[in-house]
Every structure is written in C-alpha cells, then in structure tokens.
Amino acid sequence: NAGVTQTPKFQVLKTGQSMTLQCAQDMNHEYMSWYRQDPGMGLRLIHYSVGAGITDQGEVPNGYNVSRSTTEDFPLRLLSAAPSQTSVYFCASSPGLADLTQETQYFGPGTRLLVL
Amino acid sequence: AQSVTQLDSHVSVSEGTPVLLRCNYSSSYSPSLFWYVQHPNKGLQLLLKYTSAATLVKGINGFEAEFKKSETSFHLTKPSAHMSDAAEYFCVVSDGSNYQLIWGAGTKLIIKP
C-alpha cells in the first residue's frame, strides 16, 4: 500500500492564481481531511469528508473548496490564491468505521505552498 | 468548546535523561486524546492515544502518557531520551461532538548529546 499520497510536494503561485492539491489513499478509508500547518499554530482543519459525496467545513475553510467523488481521492482547490495561504498542507485519512474521533489519522507527506 | 494547550514551545534535554512534554485540554465531553510526532521534513505519525480505556497509555518508541481528568492533563513522558527523539510533538483532543480534532501548537523536543 502507498498509504496517503499528495502531489505536488512544492508549489509556487502568484496571487490570484488557482490550483488543485491532490490527495489519494489506497486504504479504502471513509474519512479524509485537509489541514494546514503554520509556524507556532499546530494544524488547523480546512475541510473534511466522511465518505464519497459528503464534505463539510473545518476551522478555516475560507478560500478553499473540496469535493469527494470517489473514496480514494480528496482534492483541495484554491480558487484565487492569496499570500495568507502560504503554508504546508497535509491530507489525512482514517477508516471511518465507528467512532471517528477515536481513530488514528494517517497523514500524507505534505505539500509546501508559497503564494507570492 | 474544546481546546488544547501545550505548555512549552521548546523542551531541551540531554540524551539519556527523562522527557516531559506537557499538555492541558478543555472539553465539554469525555475526550479522546492523542500525541502525534513530526520528525524534521517528514509527515505526522501517531505516537499514542487515549480513548477512555486505561488512563496510562503506552505508545511507540518508549513513550507513554497519563490521562488525568482532575487536572485536565495528558502529559507525554519517556524515561530516557534518545537522539532520534528530536522532533516536534503535537497534543490533539477530540470530544466526540463532531468529527474535528483540535491540535495544540506543538512542542519542539531538542536532544543534547
């Protein structure tokens, strides 16, 4: 199993550009989520999904869109990038079998995004 | 509302000495608590978790944490630090009221030779 994969590893954008961060998992996990990590702030939840076709907002959803058309994929879209979105982005998944709040999260390697 | 506070942004210990990373939480419900570790330029990995079973939880690499409800704490300890323990450690809480985890700001553990 590859686990959770993310592409690209690093990206530079100009303000106003759009892009999609890709996330895929091959563990048949129902729950997937996107976090951003900023210095001194830990991880903050952007969006999450409890299954294909179901998404919801996290703590910091503004400026980001998601969709979940398959169990495996959970892309994160930045419609109009801003310098405040410069961050490291992590995708995570968990089985989603019972109590989601007790499950171990499996993380991808991260995408480092710089918005100029 | 749930929250988590990691009391130290940096902890520096000598190799072979005990490690203590402190975490306090606030939750309206019976929480689940986790410690995750992030080694430099790598992803995050679960170290251990408490989910209302035994209050003393053992994790990987010799780490353990004790859930103390009266003190609302979940401190991470290790009897003897190793150079490979140098990393950033995150305390995480989830109270079951939604599907969201709340992360602490992290504690960077520095190991001196």
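The values are calculated or read from the model by the stated rules, or taken from the named source; none is laboratory data. Worth saying up front: this structure is predicted, and the values here are computed from it rather than measured. Neighbour counts run over all protein chains shown; Cβ positions are idealised from the backbone, glycine included. Each accessible area value is taken on the protein alone, full model and side chains, heavy atoms only, with ligands, DNA and RNA left out. Shrake-Rupley method; radii C 1.70, N 1.55, O 1.52, S 1.80 Å.
Points worth noting:
- Of all the criteria given as (1) open to solvent by 20 Å² or more (accessible area, probe 1.4 Å); (2) under 24 Å from A:GLY58 (Cα atoms); (3) outside any loop (DSSP other than H, G, I, E, B), the one not satisfied by B:SER28 is (3).
- Among the residues listed as B:SER80, B:SER52, B:SER70, the single one being in a loop (DSSP other than H, G, I, E, B), more than 15 Å from B:VAL4 (Cβ to Cβ) and in contact with a Gly (Cβ under 7 Å, 6 or more places away or on another chain): B:SER80
- Residues that are closer than 20 Å to A:HIS29 by Cα, touching a residue at least 12 places away in the same chain (Cβ under 8 Å) and polar (S, T, N, Q) were ranked within the stretch A:49-101; the one that is surrounded by the most Cβ atoms within 10 Å (Cβ to Cβ) is A:SER93.
- Filtered residues of the stretch B:1-18 (kept if closer than 10 Å to B:ILE102 by Cβ, part of a loop (DSSP other than H, G, I, E, B) and either touching a Cys at 6+ places or on another chain (Cβ under 8 Å) or open to solvent by 80 Å² or more (accessible area, probe 1.4 Å) (or both)): B:ALA1
- For the stretch A:38-48, the condition of being within 14 Å of another protein chain (Cβ to nearest Cβ), of a type in the set (Gly, Ala, Ser), under 21 Å from B:THR51 (Cα atoms) and touching a strand residue (DSSP E or B) at 6+ places or on another chain (Cβ under 8 Å) holds for none of the residues.
- Checked across the stretch A:65-84, the condition of being within 13 Å of chain B (Cβ to nearest Cβ), among the β-branched types (Val, Ile, Thr) and in contact with an Asp or Glu (Cβ under 8 Å, 6 or more places away or on another chain) holds for no residue.
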